[in-house]
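Asks: This is the structure, below, for whatever I ask next.
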There are 4 protein chains.
Amino acid sequence: MEKIILLTGFEPFNQEKINPSWEAVRALQGWREGDFVVHARQLPCVFGSSARMLHQAIEELQPSVVIGVGQAGGRVDMSVERIAINIDDAPIADNKKRQIVDQPVVNDGPAAYFATLPIKAIVHAIREAGLPSSVSHTAGTYVCNHVFYSLMHQAHEWGTTMRAGFIHIPYLPQQAAAHPGAASMKLDDMIEGLRIAVRTTLAYDVDMREAGGVTH
Amino acid sequence: MEKIILLTGFEPFNQEKINPSWEAVRALQGWREGDFVVHARQLPCVFGSSARMLHQAIEELQPSVVIGVGQAGGRVDMSVERIAINIDDAPIADNKKRQIVDQPVVNDGPAAYFATLPIKAIVHAIREAGLPSSVSHTAGTYVCNHVFYSLMHQAHEWGTTMRAGFIHIPYLPQQAAAHPGAASMKLDDMIEGLRIAVRTTLAYDVDMREAGGVTH
Amino acid sequence: MEKIILLTGFEPFNQEKINPSWEAVRALQGWREGDFVVHARQLPCVFGSSARMLHQAIEELQPSVVIGVGQAGGRVDMSVERIAINIDDAPIADNKKRQIVDQPVVNDGPAAYFATLPIKAIVHAIREAGLPSSVSHTAGTYVCNHVFYSLMHQAHEWGTTMRAGFIHIPYLPQQAAAHPGAASMKLDDMIEGLRIAVRTTLAYDVDMREAGGVTH
Amino acid sequence: MEKIILLTGFEPFNQEKINPSWEAVRALQGWREGDFVVHARQLPCVFGSSARMLHQAIEELQPSVVIGVGQAGGRVDMSVERIAINIDDAPIADNKKRQIVDQPVVNDGPAAYFATLPIKAIVHAIREAGLPSSVSHTAGTYVCNHVFYSLMHQAHEWGTTMRAGFIHIPYLPQQAAAHPGAASMKLDDMIEGLRIAVRTTLAYDVDMREAGGVTH
């Protein structure tokens with residue numbers, strides 16, 4: 001039976017007109033290779049409803065792998081998140097104009113979950129393909145982390161074998177054109193990076209061990 | 001009875017001849033105010049033994065509050081760490097020449113612990129005093145995080161009321177003089193920041209709620 | 001008669017195997033549009049000989065416009081240089097293993113020359129096309145600035161109407177893959193940015209006036 | 001006869017309530033050592049009048065050395081400027097609400113002047129003293145560069161032996177407390193750095209030669 005891979009992206013936020021995460025993810029809608037097929041879903045940039053829509057998509061699709069994707073304006077590469085933390089602490093309001101400060105994503109949930117994707121292998125493979133990538137040790141405390149934590153919590157609660165994680169991507173060049181000093185990546189490269197992330201996830205049951213940490 | 005506050009700093013590492021964390025912490029050895037007294041201890045920049053020495057100091061001193069302090073070369077301010085994660089992933093060898101990659105700090109420990117210091121109140125108070133400070137969402141994956149996680153794990157395992165956390169500090173000016181492009185802070189300011197952190201911890205049983213998060 | 005546009009790129013340096021400036025420039029060799037044609041030349045990353053080869057190319061081709069292009073690893077966009085300064089001060093040796101420190105590019109030359117390209121109009125047009133660009137106020141003190149200054153000096157000495165300037169470009173993605181933390185741009189975007197620079201130069205005899213400065 | 005050293009600082013700008021350049025400079029008013037005495041003057045953060053006030057001070061005091069000092073919020077160290085350029089291009093309005101874009105500081109003036117301070121020796125000596133410092137290749141295009149260029153132009157026009165230059169300094173800690181992510185230095189260290197700059201200028205008729213350049 002065909003494995004389902006669920007990729008999620010976000011709607012635009014913070015005055016942007018486009019969100020590279022959704023542009024990259026939707027380009028992979030229906031992508032089939034080997035024994036898997038990709039489903040792409042857009043999530044709102046809203047605390048609460050983003051997580052609920054993700055849960056519904058997971059219930060409906062029963063995916064083997066879920067990779068959330070989000071825009072990280074100012075970052076330079078495809079950064080594969082290592083850990084989701086149980087805190088909402090928004091520096092700006094979400095798309096429903098709510099700015100949640102210092103509340104848990106899930107009441108009584110654990111402090112954090114590690115991604116269950118092979119993050120080192122993904123970074124390694126994206127670099128091998130000639131694209132910049134790195135491990136990130138914080139997904140922030142905004143809607144991206146909210147979705148990431150919700151995703152990992154659901155995976156944990158269900159006790160499934162579903163593997164899951166999150167990848168942050170930079171601005172697109174047309175966004176960076178309006179943000180002097182900010183780095184960017186081409187959409188095609190982001191899409192290629194996500195393809196590699198999916199393939200690598202399926203290829204590695206256990207992550208490779210390769211230094212990717214930081215002193216602080 | 002006098003409350004014990006334990007502050008820890010590190011020995012120098014990574015070719016530095018000095019570690020601002022120990023310089024700042026040792027300056028507070030014996031500092032008494034109100035009903036507390038500070039004990040300062042130096043930890044080795046070594047996986048394993050740093051945590052063991054910390055545990056022994058805690059057993060011996062039975063502190064009410066423990067604040068680990070570490071050097072974060074390149075950071076610009078006193079960054080109060082929010083979360084300790086259960087991973088050792090060293091980009092450089094420790095002072096015993098060991099480079100641990102992708103191992104848990106504590107086998108079967110939870111993914112992470114939140115600091116139990118009033119981190120927002122500390123940042124707020126340090127800024128009020130005219131010194132730069134911010135909340136940090138990653139303490140890295142090196143010996144600082146190793147000690148921080150070990151500390152929080154011990155606090156949790158013992159089920160004590162001991163409150164604990166970690167603060168990263170920048171280079172000293174004399175270190176930055178050899179690292180063009182790196183920010184620095186004066187030792188006196190670091191010491192003052194730590195004083196504020198101690199006082200604020202004792203003043204706030206519950207943290208203040210104030211935006212301090214990041215989008216990514 | 002057809003106008004000649006001369007674009008120069010550099011050979012790789014500093015352990016890189018590729019130099020995006022030459023990759024981008026050579027892709028435009030022979031490009032014709034309207035009444036101009038582009039000639040592309042590669043320069044060595046060597047003090048002295050780079051400038052001599054440029055001078056020979058200018059004598060031979062008698063170009064209307066010369067745009068030097070160079071790699072600026074770590075920059076995030078196509079940065080259009082405003083000013084060339086009369087100093088060689090190399091932080092690393094050139095490709096002939098010479099590290100020149102604090103010598104003028106041209107003895108008794110003026111301290112600096114402004115580019116005679118319409119730099120603001122170029123930045124504006126590249127951004128309009130959805131690519132990141134900015135004005136830069138320093139081209140450094142290495143071989144790029146050496147060539148840029150030599151170019152402007154030659155243009156000045158000859159009293160020609162030849163217009164000239166320099167554009168720095170980031171790493172390619174495959175280079176950034178080996179430089180965690182460094183931004184990158186796709187070759188196609190760099191090429192497109194250079195096309196825009198050429199067209200804009202021919203379209204603007206006088207630069208547009210648009211804020212592009214910095215406080216420091 | 002006593003040599004006069006003129007140091008200038010600026011009034012606050014851009015919503016700041018304090019300008020570290022004036023705080024540091026005024027602390028040195030009247031400082032005597034060996035055969036020199038320091039005069040400190042505050043300049044407005046205004047195009048035109050800042051330069052006029054500087055000229056008047058120079059006419060009045062006939063200094064042997066003039067060092068302009070300015071705030072560079074976001075920089076990490078005492079950066080000794082190498083070159084002043086003949087352009088006003090303000091990203092923000094000055095304190096008279098005027099935003100000049102793309103006009104020369106001095107009509108028909110040369111493109112730039114190099115500082116005539118021993119910049120490498122100053123950076124070297126400040127570092128030796130355990131404080132961070134570096135050579136900067138751009139003083140921006142705002143009022144600091146405006147004053148710096150005006151100063152060098154005046155020195156050149158008069159054909160005097162007066163030596164002159166400009167030093168940018170970071171935020172003070174109390175300013176950085178309101179600018180998360182920005183570096184800072186203590187006022188005392190800035191003052192000490194300026195003392196070293198003055199002494200070194202008098203000690204070095206010819207600059208030392210030491211690599212201090214950048215690739216871009």
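The values are calculated or read from the model by the stated rules, or taken from the named source; none is laboratory data. Just so you know, these numbers come straight off a predicted model, no measurement behind them. Don't worry about glycine lacking a Cβ; one is built from the backbone with ideal geometry, like all the others, and counts go over all protein chains shown. These accessible areas exclude ligands, DNA and RNA; they are computed on the full protein's heavy atoms, side chains included. Shrake-Rupley method; radii C 1.70, N 1.55, O 1.52, S 1.80 Å.
Asks: Is it the case that region A:165-188 has a residue that's under 30 Å from B:A84 (Cα atoms), surrounded by fewer than 21 Cβ atoms within 10 Å (Cβ to Cβ), of a type outside the set (D, E, K, R) and away from chain B (no Cβ under 13 Å)?
Replies: no
Asks: Same structure again: Since D:Q154 meets every condition but one in (1) in contact (Cβ under 8 Å) with a residue 12 or more places away in the chain; (2) open to solvent by 40 Å² or more (accessible area, probe 1.4 Å); (3) of a type outside the set (V, I, T), which condition does it not meet?
Replies: (2)
Asks: How many of the residues making up region C:116-137 are surrounded by fewer than 22 Cβ atoms within 10 Å (Cβ to Cβ) and part of a loop (DSSP other than H, G, I, E, B)?
Replies: Looking only at that region, the number is 3.
Asks: Among (1) closer than 22 Å to B:T161 by Cα; (2) touching a helix residue (DSSP H, G or I) at 6+ places or on another chain (Cβ under 7 Å), which single condition is B:E60 missing?
Replies: (2)
Asks: Wholly within region C:30-83, which strands (runs of 3 or more DSSP E) include no fewer than the required count, namely at least 1 residues that are open to solvent by 50 Å² or more (accessible area, probe 1.4 Å)?
Replies: C:36-43
Asks: On to the next question. Please work out which residue is nearest to D:Q175 (Cα to Cα), limiting yourself to region D:1-12 and to residues that are open to solvent by 10 Å² or more (accessible area, probe 1.4 Å) and touching a helix residue (DSSP H, G or I) at 6+ places or on another chain (Cβ under 9 Å).
Replies: Filtering first and then ranking leaves D:P12.
Asks: Within region B:96-104, is there a residue that is within 25 Å of B:L7 (Cβ to Cβ) and crowded, with 23+ Cβ neighbours inside 10 Å?
Replies: Taking every residue of region B:96-104 in turn, none turns out to be within 25 Å of B:L7 (Cβ to Cβ) and crowded, with 23+ Cβ neighbours inside 10 Å.
One line per residue, one yes/no per condition, for (1) within 12 Å of another protein chain (Cβ to nearest Cβ); (2) under 15 Å from the mean Cα position of the chain (by Cα); (3) modelled with pLDDT of 95 or more:
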position	(1), (2), (3)
B:N19	no, yes, yes
B:E59	no, no, yes
B:V66	no, yes, yes
B:T116	yes, yes, yes
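Each row is one residue, and each column tells you yes or no for (1) away from every other protein chain (no Cβ under 12 Å); (2) within 19 Å of the chain's Cα centre (by Cα); (3) within 30 Å of A:H168 (Cβ to Cβ).
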{"position": "C:S136", "(1), (2), (3)": "no, yes, yes"}
{"position": "C:A139", "(1), (2), (3)": "no, yes, no"}
{"position": "C:H146", "(1), (2), (3)": "no, yes, no"}
{"position": "C:S150", "(1), (2), (3)": "yes, yes, no"}
{"position": "C:E157", "(1), (2), (3)": "yes, no, no"}
{"position": "C:G193", "(1), (2), (3)": "no, yes, yes"}
{"position": "C:T201", "(1), (2), (3)": "yes, yes, no"}
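Asks: Conditions first: (1) among the charged types (D, E, K, R); (2) within 18 Å of C:T215 (Cβ to Cβ); (3) more than 18 Å from the chain's Cα centre (by Cα). D:E11 passes all but one, so which condition is the exception?
Replies: D:E11 satisfies every listed condition except (3).
Asks: In region B:183-204, how many residues are in a loop (DSSP other than H, G, I, E, B) and free of Cβ contacts under 8 Å to residues at least 60 places away in the same chain?
Replies: Number satisfying all stated conditions: 1.
Asks: Within region A:84-99, can you find the residues that are at the interface with chain B (Cβ under 9 Å from one of its Cβ atoms), out of contact with any Pro (no Cβ under 9 Å at 6 or more places or on another chain) and not in a strand (DSSP E or B)?
Replies: Within region A:84-99, A:A90, A:P91, A:I92 qualify.
Asks: Within region C:13-29, count every residue that is in a loop (DSSP other than H, G, I, E, B) and either aromatic (F, W, Y) or surrounded by fewer than 17 Cβ atoms within 10 Å (Cβ to Cβ) (or both).
Replies: Of the residues in that region, 6 qualify.
Asks: Oh, and also: Could you figure out which of (1) closer than 30 Å to C:I126 by Cα; (2) assigned to a helix (DSSP H, G or I) isn't true of A:P180?
Replies: (2)
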